[in-house]
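Written out below as structure tokens is the structure these notes cover.
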Amino acid sequence: MAGELKLKELSKKQDLFTHGHRMCAGCGAPTLVKMVLLATEYPIIASNATGCLEVSSCISEYTAWKIPWIHSAFENAAATISGVETMYRALKKKGKIQRDIKFIAFGGDGGTYDIGLQSLSGAMERGHDMLYICYDNGAYMNTGIQRSSATPRGADTTTSPVGSVIPGKTQRRKDLTRIMASHNIPYAAQASPSHWLDLMKKVRKALDANGPTFMNIISPCNRGWRSKTDDSIALSRLAVETCYWPLYEIENGVTKVTFKPKEKKPLVEFLRPQGRFKHLFAPENEALLKQLEADVDTEWQRLLKESVDKEKK
Ligand SMILES: Cc1ncc(C[n+]2csc(CCOP(=O)(O)OP(=O)(O)O)c2C)c(N)n1
Ligand code: SF4
């Protein structure tokens, strides 16, 4: 039986992702990993795709992980953990393991939306009992801020550079959460470290679903977003309150928005503190800014229409 998700209770639990890692100060990823591991009382085995979280948390011969953890190649964190889960089931059947163990794969947006998508799709379709967590910072940060299919329209990255040719990334971002839900998995959700209780409840639901589940968690990166190191949680909150990053879940095909801002904040409040969007405030890029606002509004309206508890505002 899992304990209550109360700060007093949680503060007594062992931190399973410890200090001493080399992630940048203010990076969202270690914070959300701590939350994920604090949320569960199952023993966890994790795989981790190559990326900032992986290279900075396990520098030979040290590790920040206090759980069994496997570094996968960039493209196959889902396949790796699905193999481990299969072995676990086989050993359990033979009576060689008695405990209930849960399996989590972590990957950045490059490793999840792009290069690991085939491996992830396969693992979800095969129906493994595993949770895949994408920490979405909106670019390939570890190798120098290259655009991914999660990068928002208009963002300045090293492979969508603002200049005389393009005004940042010209394409709309991929909606991976919906793509994963379309695998007819029991649980898919979006979360943010700013809303820790919502995030932790979703982790518990996902791990208790006894099937393939997916969570997409926004993960501020002050290097790539060109924002202040102490602004990460505030920015992830603004992402939610402007509806850039809606908090919702799709449980057995039923969509529910889990947080509705009392008043939706203007998108510019999320964009303005980030250097990657600075050019959007120049008069010549007004149309692009409007397009980005329209992308966010369209998706938010669609979610509200689909959400089961429409009456709560
Ligand atoms: C097949 C392969 N291609 C490229 C790389 C180089 N590489 C290592 S980490 C990385 C970027 C990872 O981006 P993302 O998954 O978004 O995670 P982040 O670094 O942002 O945490 C790349 C391109 C690799 N390790 N393997
Ligand atoms: S570059 Fe970004 S994602 Fe990588 S450790 Fe630094 S803040 Fe985190």
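The values are calculated or read from the model by the stated rules, or taken from the named source; none is laboratory data. Keep in mind that this is a model prediction, so the values were computed, not measured. Cβ atoms come from the backbone with ideal geometry, glycine included; neighbour counts cover every protein chain shown. These area figures cover heavy atoms from the full protein model, side chains too; ligands, DNA and RNA do not enter into them. Shrake-Rupley method; radii C 1.70, N 1.55, O 1.52, S 1.80 Å.
Brief remarks follow.
- Projected over all directions and averaged, the alpha-carbon convex hull of the chain occupies 16.3 nm².
- Gained length - K13 relative to K256, 0.36 nm times residue gap less alpha-carbon distance: 84.5 nm
- In plain terms, the chain is cut at each of the GluC sites (Glu not before Pro) found in a DSSP loop with at most 11 other Cβ atoms within 10 Å, and the longest leftover piece is 62-262.
- Hypothetical label at R22: residues of segment 90-118 whose amide nitrogen lies under 19 Å (7 Å Cα-Cβ projection): 108
- Relative contact order, whole percent, for the chain stands at 16, derived from Cα pairs under 8 Å and 6 or more residues apart.
- Trypsin sites (Lys or Arg not before Pro) within segment 30-129, DSSP loop, no more than 14 other Cβ atoms inside 10 Å: K66, K94, K96, R99
- Cross-link reach is defined here as a Cα-Cα straight distance under 22 Å, omitting same-chain residues fewer than 8 places apart; for K93 the lysines meeting it are K102.
- Built amide H within the under 5 Å cut-off of A105, gap 5+: S47, L131, Y132, I133
- Working note: Debye formula, equal point scatterers on the alpha-carbon atoms of segment 236-313, no solvent; log10 I(q)/I(0) at q = 0.12, 0.15, 0.21, 0.25 Å⁻¹ is -0.38, -0.56, -0.93, -1.16.
- Relative contact order %, segment 44-136, counting alpha carbon pairs below 8 Å whose residues are six or more apart: 36
- What the phi angles of segment 211-222 give under the Karplus curve with 6.51, -1.76 and 1.60, with θ = phi - 60°, is a coupling list of x, x, 9, 9, 10, 10, 10, 5, 9, x, 10, 5 Hz, glycine and proline written as x.
- Cross-link pairs beyond the 26 Å C-alpha cut-off, checked among K174/K290; K8/K201; K228/K264; K6/K265; K8/K262: K6/K265; K8/K262
- Ratio of Rg to Rh over segment 154-218 (Cα coordinates, Kirkwood Rh, two decimals): 1.18
- 5 angstrom amide H check on C27, placed H, neighbours 5+ away: none
- Karplus (6.51, -1.76, 1.60) ³J(HN,Hα), θ = phi - 60°, over segment 85-98, in Hz, Gly and Pro reported as x: 5, 5, 4, 4, 4, 5, 5, 5, 4, 7, x, 7, 10, 9
- For R173, the residues whose modelled amide H falls within less than 5 Å of its own, excluding neighbours fewer than 5 places apart on the same chain, are R153.
- DSSP bridge orientation in segment 182-252 - percent antiparallel, rounded to nearest 5: 45
- Extension gain (nm, one decimal) between D231 and K96, 0.36 nm per residue minus Cα-Cα: 43.8 nm
- For the chain, the share of DSSP beta bridges that are antiparallel, to the nearest 5, is 30%.
- Rolling a 1.4 Å probe across the protein heavy atoms gives the chain an accessible surface of 46 Å² per residue.
- Accessible surface of the chain, 1.4 Å probe: 54 percent of it comes from carbon and sulfur atoms.
- Segment T143-A2, extension gain: residue separation times 0.36 nm, minus the distance between their alpha carbons: 46.9 nm
- Which of N222, N252, N184, positive extreme of dipole for the chain (C-beta unit charges): N252
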